[in-house]
Structure formats: structure tokens, C-alpha cells
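Asks: Can you keep this structure in mind? I'll have questions shortly.
The values are calculated or read from the model by the stated rules, or taken from the named source; none is laboratory data. Fair warning: this is a prediction, and the values are worked out from it, not measured in the lab. Virtual Cβ from ideal backbone geometry, glycine too; neighbours counted across all protein chains shown.
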Amino acid sequence: MQNWFESIDLVSGPFPIIVGGGAVVAVLVVAIVHPRALWLALSVAAGALGAGIGLALCRWAQSPDAIDTDLSPLGRTGVALAFAAIGVLIVGMVRGRAWRRVVAGLGVVLAVAAGGLAVNAEFGQYPTIGALSGQPAAPTLSGSVAAAQRAGAPLAASRSTDPATPAAWSASGAAVGTRGLVAQVSIPATTSHFAARAAYVYLPPAALVANPPALPVIVMLSGEPGAPADVVRAGHLRAIMDAWAGRDGGLAPIVVVPDQLGSPTSNPMCVDSPLGASASYLTVDVPRWIRTNLTVANDPAQWAIGGFSQGGTCAIQLGAGHPDLFSGIIDVSGQIAPRNGDTANTIAVGFGGDVSAYRAAAPMTLLTEHAPYAATTAVFGSGAQDQQYGPEVDRMRAAAAAAGMSTSRVVSPGTGHEWATVRYVLSTGIGPVLQHLGVGSRS
């Protein structure tokens, strides 16, 4: 259970306002109280220089060798203002009396924190201090089940011996709640031996009854750098999927969020390579665990794979290459091909220098090899301001359509390469995939 400190909201509420306000007060005190013309001019120049550095860092962050993320205009403004404040405060640290230097030093700390909070507010990566400190995004499944039982809810992980189809179950009029459940689980890498971190699973309300129906599955992947918890926290997984379930009497896919990376900054590119057998983990170990532990449909027609950024690349890559496993694809801001640094490094570290192996793993190649896809539905999404990956998503959507997939394109207004785009796509754009899987709003 979170204590009051761990539960402090880092995205909205009073804390970000207090931090930002403290930085503003420090700047005003340092720059305006008893100013001299020379120091005031230096403060203005330092502020302008700081703003320029902040904007340059935002620009650098867009490159594949950095964090590969494009901030929105609001996010870039927040970073620029934070660096401008830091510039002014640094000038204050080298001038005047001791009290001014102390205020300036505290102001620098607050300005750095305010800039970080501004970026975090845009991505929603760390909603609370507990999340920032590494607290799991949800309790373990056994703990969640116990809590559900204490609250009088049915067993969350119960498995039906002879499960009904979602349509038959819905027609039975079974009582169902309005909230699903998210829990942390461990998915062993029995075959792949991939060094995967903890996974998460979303169980919709229909999965929380005593005899749940055989529900469809979505395997959802984070971006890189990242972790499965990002899909839960920054992706608002439960709230979004609960909303879809609410349109269909509690029916929605079970969403499993495994780790395809191994560590926050690793990128095995969802292939089996010296970087790790990520592909085997996702296509062998993860499906086996799902079918063994959850009441799900076995038919690939009711399985989908999705992801954001690097995870979106994996989604089209594995979805195109394994139509025997997945018939639905959700590619949010994915790349045109697997990428770990530049192309030369990608081929060297992921494919042992074998150019033909690299080309064979590219989604475009896989689409050609496995076409036609008469039974696959794919949703492609990106942010309207994502000038880097938006065009790549357009190309991938066109190639998927040419290969026979039923495709749709979703553009998130006012967002870039960020989790706000994921939330928009999952909230408004995945209806075609859900309907293909046999759940969601089917009216």
C-alpha cells in the first residue's frame, strides 16, 4: 500500500504547481531584487542562452541515437522555460550576498524539477512518486486475487473447464462488474531463456466471474527505452480497456504486457539473436503461459499483438510473420524496420553482420512472403506532430493493405511520439481490431 509520500501526484494537483511556482519566485528574487544594470543584462542573456540550450536538447532528443521522442510544443516550452530559469539562477549564484546565492541554488533545484515534471506531465510516465521510485504498477496476481476475494469479488484468475464463447456468455445474462483488474505476473522463459522482466495482465470484468468465457487476447508491448509497467501507467491500460468493456457488457480482450526488451535500454528487436531470443519468448513462451493460466480463446482469429514505438515495430513484425498466432495488429508509431542505432549497427549487433537476415526480418519482407492476409485486421496510429514516424506508419499501412490486410489509420491530434498518442489510439481507434476479435462495441 502506498503511503502519503509515495502517492503524491506528479502529473496534476498541487505538487507540480508548487515546484514550478517556487522556481519562478526564485528567479524573480534573484533577478529583480536590488538589481544592477550589468547583472540584469547578464541574467537576461543567460536566460536566453538557457532557453536555446533547452530547445536544442529537445531537438537532439528526437534523434534515434537519443531517446527518439518528439515533444509537443507545450513540452518544448516547458523545457525551454526551465533551462531559461536555470540560466538566470546560475548568474545569481555568482553575484551578491550569500542569501542571494542560497536562493539561487535552491531555485536551480526547483527549476530542474519543474522541467522534469513538465516533460513527465506530457508523457504520463510517472504518475506518482511511488512510480518514480520503481514501485510496481500493480500488485502480483496472487495478491490481487486475495484482495478481490476479501472485497467479495469472484476469483480473478479462475479458469473455466468448458468456457462459453463471448457471444454465448453475453446472451446468458451473467452478472458482471464494471471494473477490470491489472496485476503483475511472471512469465517464465522456458524455451527462449530470454531475460524478461515482470509482465502485467489486464483482466476485463467478464474475466472476473466464477466461470469466465473464453476471451480474446491482445499482447501489448512498450516502447524503448521502457518497461511493461509503462503500458499500465502511461498507457492508462485499465481505464481505457474498462471503457471498451463497458460498451459490451463487460466483454473485452485479456491484455498481456510482456517484456520484449530485457532492460530499459536494451533492444533485441524482437528477433532471436545474441542480444536475446526475444522473438521466441513472445511467440512461444508468452502464448503458452497465457493458454495455461487464463481462460482464453485458442483460435488465432481472436488473438492480436500491439505496441508503441519499438513495440509497434515488433507488433507489425510478429503479426506479419506469424499469422498462425495473431490476426489483429495495433502498430502505434512503429518503425519501418527493426532498428538499434543506425542501420550498420543494427545489422552488426542484431544479425551478426548478415544483411540478408536483416532484410528477412523487416516487416515489408514478411508482408510479401505471407500475403495475402485475408483474415488480418490492423490499426496503424501516430501523433499528428510526429514528423519522423508518422510517414513511416503511412508506408507500413499502405504495405499491409497491399498485402491484403484490412487496415485503418488513426492520427492523434496535437500529439507527437509520446504516450498521449498511445492513449488516444487505444481509446478511439482500436474498434476494428476489437470487433475482429469478437468483443468491444459490437452494436
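Asks: Could you please find all residues in the range 271-302 being surrounded by 24 or more Cβ atoms within 10 Å (Cβ to Cβ) and of a type in the set (Phe, Trp, Tyr)?
Replies: Answer for the range 271-302, where residues must be surrounded by 24 or more Cβ atoms within 10 Å (Cβ to Cβ) and of a type in the set (Phe, Trp, Tyr): just TYR281.
Asks: (1) closer than 18 Å to TYR200 by Cα; (2) modelled with pLDDT of 95 or more: which one isn't true of GLN302, the others all being true?
Replies: Result: GLN302 passes all but (1).
Asks: While we're on this one: Can you pull out every residue in the range 243-270 that is at pLDDT below 95, over 14 Å from GLU224 (Cβ atoms) and surrounded by fewer than 24 Cβ atoms within 10 Å (Cβ to Cβ)?
Replies: Within the range 243-270, GLY246, ARG247, ASP248, GLY249 meet the criteria.
Asks: Also, quick follow-up: Report, by residue number, each residue of the range 339-385 that is farther than 21 Å from ALA277 by Cβ, β-branched (Val, Ile, Thr) and under 23 Å from the mean Cα position of the chain (by Cα).
Replies: THR377, VAL379
Asks: Let me ask another. Somewhere in the range 311-320, is a residue in contact with a helix residue (DSSP H, G or I) (Cβ under 6 Å, 6 or more places away or on another chain), hydrophobic (A, V, I, L, M, F, W, C) and over 30 Å from LEU203 (Cβ atoms)?
Replies: no
Asks: So which residues in the range 202-213 are surrounded by 24 or more Cβ atoms within 10 Å (Cβ to Cβ) and part of a loop (DSSP other than H, G, I, E, B)?
Replies: Across the range 202-213, the qualifying residues are PRO204, PRO212, PRO213.
Asks: Can you confirm whether the range 331-344 contains a residue that is in a helix (DSSP H, G or I) and in the same structural domain as VAL209 (by TED's automatic domain parsing)?
Replies: yes
Asks: Please tell me if ALA84 is over 23 Å from the mean Cα position of the chain (by Cα) and modelled with pLDDT under 85.
Replies: In short, no.
Asks: How many residues are over 17 Å from ALA198 (Cβ atoms) and part of a helix (DSSP H, G or I) if we restrict to the range 260-293?
Replies: Of the residues in that region, 8 qualify.
Asks: While we're on this one: Among GLY319, GLY311, which is at pLDDT 95 or above and either among the polar types (S, T, N, Q) or closer than 18 Å to ALA401 by Cβ (or both)?
Replies: Exactly one residue qualifies, and that residue is GLY319.
Asks: Go through ILE329, ILE316, ILE290 for me and flag whichever is out of contact with any Gly (no Cβ under 9 Å at 6 or more places or on another chain), β-branched (Val, Ile, Thr) and closer than 22 Å to ASP230 by Cβ.
Replies: Every option except ILE290 fails the conditions.
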